[in-house]
Amino acid sequence: MGIREFPNGSARGKAATLGMRRSPDVSPRRLSDISPQLRQLKYLVVDEAIKEDLKWSRSVEDLTSASVGLTSIEERILRITGYYGYQPWAASYKRDERSRESPAPAEAQMQAGAEGAGRVSRCCWKCSVTQLKKIFWGVAVVLGVCSSWSGSTQLAKLTFKKFDAPFTLTWFATNWNFLFFPLYYLGHVFKSAEKQSPKQRYRECCRFFGDNGLTLKVFFTKAAPFGVLWTLTNYLYLHAIKKINTTDVSVLFCCNKAFVFLLSWIVLRDRFMGVRIVAAIFAIAGIVMMTYADGFHSHSVIGIALVVGSASMSALYKVLFKLLLGSAKFGEAALFLSVLAVFNVLFVTCIPVILYFTKVEYWSSFDIIPWGNLCGFSILLLTFNILLNFGIAITYPTLISLGIVLSVPVNAVVDHYTSEIVFNSVRVIAIIIIGLGFLLLLLPEEWDVWVIKLLTRLKVRKKEEIPEGNGDIASGLPNKSRRTRPSMSSFAH
């Protein structure tokens, strides 16, 4: 941008204006003398190169500083146009000096990209390590659930050969639930940073039952019904073991997940899913085929009915718990299970006594009771319930459910060597159908959306790979010729 010649100025004025750009010592003139020209300067278009010079100039730095305190557009334009000693030849030097101090934009972008990539890789590494830990613990929990569930089933079968009292065994094993809350409190003491006394922790967990805590009314309305369902579930399961083999019992009990879905759909108004309806149909078909596998004998029909009743009680327990109490934290669940043991001691103890004196479940002396089997069964059942209720703290719930399915082949192998079970085609198909229905019920609610996204990505990748392959074939010969041509710069040195 050149210097305009003012109409009222003389030759001396011209020389002064030309000297303004070089000499910072020129005395200032009045703004009123050049106000028309300043109004015209507002509409001038400044070149980009001059903008860059102005950007790094000292005058602009002074403008941006807080101590300048400019108040008008005229004063700013006078400073930019050189009235206060703007030196354009010093701008390039400052720009070079500034470029030496700060890295190039490309280098800065590369550094920022490298730092960002490093942060992303560290986050991915942390996520992968966390997922690997969860999967590792999941495998351990699956093995624990499978071994404890199949072990308790097989040990109950052995116990009934010496001690034919399924209800007494149910009562004895349920009393061990009292250990849930003490075991949880020990874990709280070792893991939590804020230690609480047992009384404080108990009062905090009692809020799960309501604002008033665990009152007598709450005990009979919210705890007692679940105590009855718990006892019926275990008693029917153990009584079925007396009638049929453990393989059939374990596979038929897997139908409880289908019953949970049906009850949740009816009572809780859960989301309807076609794949879960198919799984429920598989479960019912497997029950019918399992009944047909033994030829509709009285013992097999009664045993299958007992297992189906046990699975139904288990499903009703879960659905009512969600309906009446909702979801519970670990401490609240531990307290609830311990309360069930208290209910068992107070109100169910009389039933084994009645069965003993009526000789329905009778034993001649207490010396013949296999206390080792009873305690072993109770410990295995307690371990199974602990892993089932608290395993979600360290792994995925789906992996925990897989442990129940894996107990079926374990029981089948044990039955093959210890009993006279016949694995005919109908029984094998029934086991496969029920197991497949159980696995279908483990699918998440949005599994169909995930499948559609996966198929869409695969189609997009196939479409991208085809043009890339054609481009590589077309550019193969020119690339080869460029590689074989010697570079003149290689002979320069």
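Checking each residue of region 242-262 against the condition of being over 24 Å from Gly326 (Cβ atoms) and open to solvent by 50 Å² or more (accessible area, probe 1.4 Å) gives at least one match. For region 392-439, the set of residues classified as touching a Leu at 6+ places or on another chain (Cβ under 8 Å) and either among the charged types (D, E, K, R) or at pLDDT below 85 (or both) consists of Thr398, Ile400, Ser401, listed by residue number. Does region 378-391 include one or more residues that are of a type in the set (Phe, Trp, Tyr) and more than 27 Å from Leu442 (Cβ to Cβ)? So far as region 378-391 goes, no, none of its residues is of a type in the set (Phe, Trp, Tyr) and more than 27 Å from Leu442 (Cβ to Cβ).
Considering region 363-374 alone, what residues qualify as being assigned to a helix (DSSP H, G or I) and either open to solvent by 70 Å² or more (accessible area, probe 1.4 Å) or at pLDDT 95 or above (or both)? Before the answer, list the steps.
Pass one, region 363-374, residues assigned to a helix (DSSP H, G or I): 366-368, 371-374.
Passing the criteria: Phe366, Asp367, Ile368, Trp371.
Just checking, does region 320-339 include any residue being buried (at least 19 other Cβ atoms within 10 Å of the Cβ) and more than 30 Å from Ser197 (Cβ to Cβ)? No, because not a single residue in region 320-339 is buried (at least 19 other Cβ atoms within 10 Å of the Cβ) and more than 30 Å from Ser197 (Cβ to Cβ). Filtering region 265-284 to residues that are in a helix (DSSP H, G or I), open to solvent by 40 Å² or more (accessible area, probe 1.4 Å) and either touching a helix residue (DSSP H, G or I) at 6+ places or on another chain (Cβ under 6 Å) or on the phi > 0 side of the Ramachandran plot (or both) leaves Arg276, Phe282. Within region 376-395, residues that are farther than 15 Å from Gln154 by Cα and of a type in the set (Gly, Ala, Ser) reach partners that are open to solvent by less than 40 Å² (accessible area, probe 1.4 Å) and part of a helix (DSSP H, G or I) with beta carbons closer than 6 Å, at six or more positions or on different chains, in the pairs Gly391/Val141; Gly391/Ile400.
Can you pull out the residues in region 422-438 that are in contact (Cβ under 8 Å) with a residue 60 or more places away in the chain and open to solvent by 30 Å² or more (accessible area, probe 1.4 Å)? Working first, answer last.
Here is the first cut: in region 422-438, the ones in contact (Cβ under 8 Å) with a residue 60 or more places away in the chain are 424, 426-427, 429-431, 433-438.
Across region 422-438, the qualifying residues are Asn424, Val426, Ile429, Ile431, Ile433, Leu436.
The condition (being open to solvent by 20 Å² or more (accessible area, probe 1.4 Å), in a helix (DSSP H, G or I) and not charged (D, E, K, R)) is satisfied by just one residue among Val451, Val408, Val360: Val451.
Do any helices (runs of 4 or more DSSP H) lying entirely in region 125-216 carry at least 3 residues that are within 18 Å of Leu335 (Cα to Cα), and which ones are they?
180-191, 198-206
Within region 415-433, being under 13 Å from Met289 (Cα atoms), over 37 Å from the mean Cα position of the chain (by Cα) and in a helix (DSSP H, G or I) holds for Ser425, Val426, Arg427.
In region 190-231, the qualifying residues are those that are within 22 Å of Ala315 (Cα to Cα) and touching a Lys or Arg at 6+ places or on another chain (Cβ under 9 Å), and the one that is least open to solvent (accessible area, probe 1.4 Å) is Phe209.
The values are calculated or read from the model by the stated rules, or taken from the named source; none is laboratory data. Remember, it's a predicted structure, so these values are computed and weren't measured experimentally. Neighbour counts are summed over all protein chains in view; Cβ atoms, including those assigned to glycine, are modelled from backbone coordinates with ideal geometry. Just the protein is used for accessible areas: all its heavy atoms, side chains included, with ligands, DNA and RNA removed. Shrake-Rupley method; radii C 1.70, N 1.55, O 1.52, S 1.80 Å.
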